[in-house]
1. Filtering region 1-31 down to residues that are part of a loop (DSSP other than H, G, I, E, B) and either out of contact with any Asp or Glu (no Cβ under 9 Å at 6 or more places or on another chain) or of a type in the set (D, E, K, R) (or both), which residue is most open to solvent (accessible area, probe 1.4 Å)?
2. Against the definition (open to solvent by 80 Å² or more (accessible area, probe 1.4 Å) and at pLDDT 90 or above), how does L40 come out, yes or no?
3. Of the residues L75, L102, L37, L60, which is under 17 Å from the mean Cα position of the chain (by Cα), at negative phi and hydrophobic (A, V, I, L, M, F, W, C)?
4. Given (1) open to solvent by 70 Å² or more (accessible area, probe 1.4 Å); (2) touching a residue at least 60 places away in the same chain (Cβ under 8 Å), where does Q49 come up short, assuming only one miss?
5. Having 3 or more residues that are out of contact with any helix residue (DSSP H, G or I) (no Cβ under 6 Å at 6 or more places or on another chain), more than 25 Å from L16 (Cβ to Cβ) and of a type in the set (G, A, S) is the bar; report the helices (runs of 4 or more DSSP H) wholly within region 37-128 that clear it.
6. List the pairs whose first member sits in region 1-21 and is farther than 17 Å from L116 by Cα, whose second member is open to solvent by 60 Å² or more (accessible area, probe 1.4 Å) and assigned to a helix (DSSP H, G or I), and whose Cβ atoms are under 8 Å apart, counting only residues at least 6 apart or on separate chains?
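The values are calculated or read from the model by the stated rules, or taken from the named source; none is laboratory data. Everything numeric here is computed off the predicted structure, so don't read it as measured data. Cβ sites come from the backbone with ideal geometry, for glycine too, and all protein chains shown count toward neighbours. Accessible surface is based on the protein model in full, side chains and every heavy atom, while ligands, DNA and RNA are left aside. Shrake-Rupley method; radii C 1.70, N 1.55, O 1.52, S 1.80 Å.
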Amino acid sequence: LSAWIVRWFTAWRLMLMAIALAGAGTLLVGTVAWLPLLMLFAFCAGFGQGLGAPVATSVLYEEAPPGRASEAMGLRISLGMATQSVLPVVIGSVGSFVRADLVFVVMGLVLLAGALSERRQWRRGSGK
C-alpha cells in the first residue's frame, strides 16, 4: 500500500492530505455523539496523524539544506517532545474552562487552516 501511495503522491501532497484528514477527523469528533460515527471520525484523525509523522520526516529530510539534515531532524524531535509535554497540559487546562467538544472543534479548525494555508505546495507538487 505504501509503495502505491508514494507512486501517486509527492511527500508534500501526502503531508497536506494527512494534515487535512487529521483536522477533519478532529473537528468532526467534537460534533458527534453517536458511537459509530465517533469511531469513524476518531479513526480518520488517528490515521491522518499516523500518516503525517513519517511523511513529515521525509519532507524535512528533502527540504533541509545539504549537510544539515541531522540538525533539522534533531530540532524536529526536540520540538515534538516539547509539544508532547506542553500541549496536554494546555489543552487540559482550556478544557476545564470550556466544553470538551469545543476543544476538538478548535483544534480541527487549526489543523484545517494549516493545510489550507499551505495549499500552494499542492499546486507545486513539492516544496522546492
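1. Top of the filtered list is L1.
2. yes
3. Of L75, L102, L37, L60, the one residue that is under 17 Å from the mean Cα position of the chain (by Cα), at negative phi and hydrophobic (A, V, I, L, M, F, W, C) is L60.
4. (2)
5. Passing ranges, in order: 69-97.
6. Filtered contacts from region 1-21: F9/M17.
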